[in-house]
Amino acid sequence: MVEDVKFRASYNFAFIDESTKKEVRRKILKAVCIPGYQVPYSSPEMPISRGWGTGGLHLTLSLIGPRDVFKIIDQGSDASVNACSLRQFVKRMTGCEVTFDTAAATLIQSRHRVPEEILTDKQILVLQVPQPEVLRGVERYEFKTRQMHAEADYAKIWVSLYEAYVRFGTMMRGSGYPIRVNGRYIATPSPIPRWDVPNLSMAHCLYLFGAGREKRIHCIPPYTKVEPLEFEDVLFHVEAFPGIRCAASGEDNAFLDEIYDDEGTRKFVINDSNFLDKVRSGPRPSQRLFTNPD
Amino acid sequence: MGYVAVKGGQDAIDNAAELVEYYRWRERPQPIETTQVRSQFRLLIDKVMGEGSLYSPEHAALALQQVEGDVFEAAFILRAYRATLQRRFYSDTLNTRDMFVQRRISSAFREIPGGQVLGPTRDYTQRLLDPSLARDTPGIDAFLGEFESRIDRTKLRGVTSFSKVIDLLMSEGLMRRDQYTDEDRRVVDITREAIKFPAPRSARLQMLARAETGGLMCIGYSTMRGYGESHQTVGELRMGTVPVRITDQSGRKRYIGRIKVTEAEMIGRVAVKKKGALPLLSVGYGLCFGQNETKVICMGMLDSALRNPNVNSPGNNQEFVLYHTEGVESYGFTNHLKLPHYVTFQAGLHNLRDVVDRAEKQRGVRAAEFAAVAAAAAATPKPRL
Amino acid sequence: MQGTNGNGHHDGNGWLLRVRGLTKIYGEPDTTTLESTGPAFNSNICPRSHAIVALNDISFDLYPGEVLGVVGESGSGKSTLVQMLYFDQDPTSGAAHFRAVDEGQTNLFALSNQRKRHARNHLLGMVYQNPRDGLNFGFTAGGNIAEKLLMAGTFHVGRIRERSSALLTRTEVPVGRMDETPAAFSGGMQQRVQISKAIANSPPLVFMDEVTSGLDVSVQAKVLDLIRQLQRELGVSMIVVSHDLSVIRMLTDRTLVLKHGHVVEHGLTDQILQDPQHPYTQLLVSSLL
């Protein structure tokens, strides 16, 4: 009997079909084995627009199981519109428990921020990546950048940092600061602020990076050395908020958002929405803080 | 006023979805039926099926209806839908010589075996705005009745398939089948693996076949205007239905139906690299779902152009053409700029403020230096001449 | 010069660069190609296969601190020679051994891409006729030199700028223009930046490919003079390619004369200029002012 499946509305668990999930998982394993190396993968289309988190979703949906507890943030906020849209999708496709609580999540998907609270060896952080090719700014052709990575030919990106410093007095990379992973591949940490970059090195958790549109996965495994590119005499600094405290909680030592109220007054508020909720209602969660060199 | 955390993102997007529906229905119009979209927006559906890379006029019609006619969104929906479907078979290669031809022309020759069949086309109509569709109900029955009465049913059996114009050129030795034997001829499935460059021809053709029509048109046009080397002629353009066959698990060939495709064979010249080699004719190939002639013509031109890499012209550059005509990816990424970017923006502001501060300090230092020099000069007595 | 006998020929050991049987053919040769081309036929082009023989079985040695000239008209193969030694092109056949690479044990053309790149960064320098081939106009003049220093392992901005300034000063480029892109420089100054870049890591061997041919005559002399001074100061070995014998006369100790891919004459530059043996060399010398 031929079943009429014309306008079927039921989907496989986690939306993606099983053989594609297998392929993505194999590619994830390869990425774990070669820290910082961009592994090409099939990147099937999703009902979410390219550039809006399909890569993150591919990783999440290939790894997620019915007992996972899922958290998703965008620019640090659980309540941000795109985070809500993606959360809705994942919940609908998996029936998983979802949470805003960083400590309670087993799988966290994030756009452009690493949570302030330390992640454990039971947690995976999936980061959404718009442009995985850290060399794309100095070399537009994919076949050339592939060769450059294979031969560890990173001259051009070093020169671009030098030129930026010479021209502007700083290396001018506000976010997406280039990093060297495990002493070999230079990679992008995705457009996270410099504040978050030190958190990537020698962490307990697993960091996965998914670029859906460009079809690449890369990884920073736990206990891996990650070094932001710097010169001996021009060192990496994280953002400083001298003398500034969060207007909502009075705390400092966290990445702050600038906001403008209706009168046009500028205020600063802790960016990580769950961290902010926690410091306002209880003990401050543990963080890994970086001290800027003098 | 205390700080109010930005909650309610979920509410915002739920309300946004409702507002879309509100704007759709608020004039209380007569709802369109999906079958009406399917039959009366045939060419739009063909475009969406091609870019959505899924041959199903009904699904395309539904998608178009769902998104109020936004073609980018409709193609996107089809692609996403396609991604959930299980791939059971790869069809046998379509043989367009078996096509039931509805339209078939050649610009290369005035007369060809089988004749030029203009078929259904608006190419030779005047684009005058015709209000009659808005005003009157077209007399469909009368029109069809009259039209069908002119068909001579005894002649229907005489319709055979048509040979290809390029066969003529091959038999004369002006075109050869084995022209590009040194190119990468692996057959890959671009939906199953990420393509690396330089890409094999099968990947290039697949990407061109599902490319966004406007993007292809833009770059194809540029190659005709001096941004590339393109001097091509339509060797043959044909549109019609072709049978689709698969080989099942037991090895038997099965016929699963017919699909409508448009095909173009664009005739150009092989780039001559060796002295003494003849500049024989080459085929730039274009094929897509439904009737979309602009797409296959441009596809054929770009197929040829991509075989002759040239850093000075975008149309001859694989990475440029294939990355940037991919409609779903470009639509997504250009529109992703609407997403919040405040963290990255702020990080940039931090940097900029440092630079500005530094520049001001420098100015301050220089101003002080200048003042010191001027003061010293004023204090020194000037020599008398 | 150490190790030479009266004819200007070295005693066979102590070479810095040894090239044997270097051949480059463009197109598809057949069995007659090598025998049917060359000065005797007044042509590089094989009459049957239309293959072009740019270089045919070139062999020579280069000693430390020596400057070798390679002279010939355009089409003689002289630029091809240095381009292959700098890995811009692959030879059809032949071997080159370089004392600075595995003490001369390994054929340079058999090196991996990575080792070739290492050699280009640390052990070789190249100055092209067209500055756009040797400089990246997207970077500043200082940035171009910085590229070499970075790849040699200097990751200290202060030291990079110090060394770049020193090099630019030595090549008479105003240091104040270090942070400008070479696009704004005159032709002569662009060549000076190239020279700075080529010697940035003090390589033992530098190639000069028609370095002054694109410059005004008035500028040429100054650049040539600079090259001569630098060579003396640094003791670097050079291969100088030129169609202009006056350049060869000014800079080189020994010379190879190429015609249609063959060496028709070689020896001490002074001797060749005073007493050219081959008719082609005589022709070149006679047109020397």
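Read-outs: derived from the displayed coordinates by stated rules, not from any lab. All values reported here derive from a predicted model rather than from experimental measurement. All Cβ positions, glycine included, derive from the backbone under ideal geometry; neighbour counts span all protein chains shown.
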Just list whichever of A:K225/C:K148; A:K225/C:K116; A:K27/A:K267 have alpha carbons separated by over 32 Å in the model shown.
-> A:K27/A:K267
What FRET efficiency would be calculated for the residue pair A:S286, C:D102, taking the C-beta separation as r and a Förster radius of 51 Å, to the nearest 0.05?
-> 0.45
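Of all GluC sites (Glu not before Pro) in segment B:34-135, which ones are in loop regions per DSSP and have a Cβ with at most 13 other Cβ atoms within 10 Å?
B:E68, B:E111
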Quick one: dipole size for segment C:1-143, taken about the Cα centre, charges +1 on Lys/Arg Cβ and -1 on Asp/Glu Cβ, in debye to the nearest 20.
-> 380 debye
Give the cross-link partners of B:K295 among the lysines, using a straight C-alpha distance below 17 Å as the criterion and excluding same-chain residues fewer than 8 apart.
-> B:K47, B:K260
Modelled label reach - B:T137, point 7 Å along Cα→Cβ, segment B:17-50 residues with backbone N closer than 17 Å | B:30-33, B:36
Distance in nm between label sites at B:A374 and C:Q274, each 7 Å beyond Cα in the beta-carbon direction?
-> 6.9 nm
For segment C:185-289, shape from the Cα gyration tensor axes a ≥ b ≥ c, cut at a/c of 1.5 then a/b versus b/c, turns out prolate
If the label point is 7 Å along Cα→Cβ of A:M202, which residues in segment A:106-120 have backbone nitrogen under 16 Å from it?
-> A:119
Which ³J(HN,Hα) values, rounded to whole Hz and listed in residue order, are derived for segment A:220-227 from phi using the Karplus coefficients 6.51, -1.76 and 1.60 in 6.51 cos²θ - 1.76 cosθ + 1.60 with θ = phi - 60°, glycine and proline given as x?
-> 10, x, x, 6, 10, 7, 10, 10
GNM of chain C, Cα pairs under 10 angstrom: of C:K222, C:K148, C:K78, the biggest fluctuation goes to C:K222
From the square roots a ≥ b ≥ c of the eigenvalues of the alpha-carbon gyration tensor of segment A:1-114, which class results: rounded (a/c under 1.5), prolate (a/b over b/c), or oblate?
-> oblate
Listed residues B:M239, B:M299, B:M170, most fluctuating in chain B (Gaussian network, C-alpha, under 10 Å) | B:M170
With springs connecting C-alpha atoms under 10 Å apart, model chain B as a Gaussian network and identify which of B:K361, B:K295, B:K260 has the largest mean-square fluctuation.
-> B:K361
Restricting segment B:1-84 to trypsin sites (Lys or Arg not before Pro) in coil, as DSSP defines it, with at most 16 other Cβ within 10 Å = B:K7, B:R26
Proxy exposure order for A:C219, B:C298 (fewest C-beta within 10 Å first) is A:C219, B:C298
How long is the gain from B:L280 to B:R192 if the chain were fully straight, where each residue apart is worth 0.36 nm and the alpha carbon distance is subtracted?
-> 28.1 nm
Let me have the 222 nm mean residue ellipticity of the protein assembly as shown computed from DSSP H runs of 4+ only, each contributing -39500 (n - 2.57), with the sum over all residues rounded to the nearest 500.
-> -10500 deg cm²/dmol
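Grab the Cα-Cα distance for B:F89 and B:T35, subtract it from 0.36 nm times how many residues apart they are, and report the gain in nm with one decimal. Mind showing how you got there, number by number?
On the way: separation 54, 0.36 × 54 = 19.44 nm, distance 2.87 nm.
16.6 nm is the gain from fully extending B:F89 to B:T35.
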Name the residues of segment B:230-263 whose amide N is less than 13 Å from a point 7 angstrom out from the Cα of B:Q116 along the C-beta direction?
-> B:234-237
Under the classification rounded if a/c is under 1.5, otherwise prolate if a/b is larger than b/c and oblate if not, where does segment C:1-149 fall, given a ≥ b ≥ c as square roots of the Cα gyration tensor eigenvalues?
-> oblate
For the protein assembly as shown, with +1 on Lys and Arg beta carbons and -1 on Asp and Glu, the positive-most of B:Q30, A:P35, C:G267 along the dipole = B:Q30
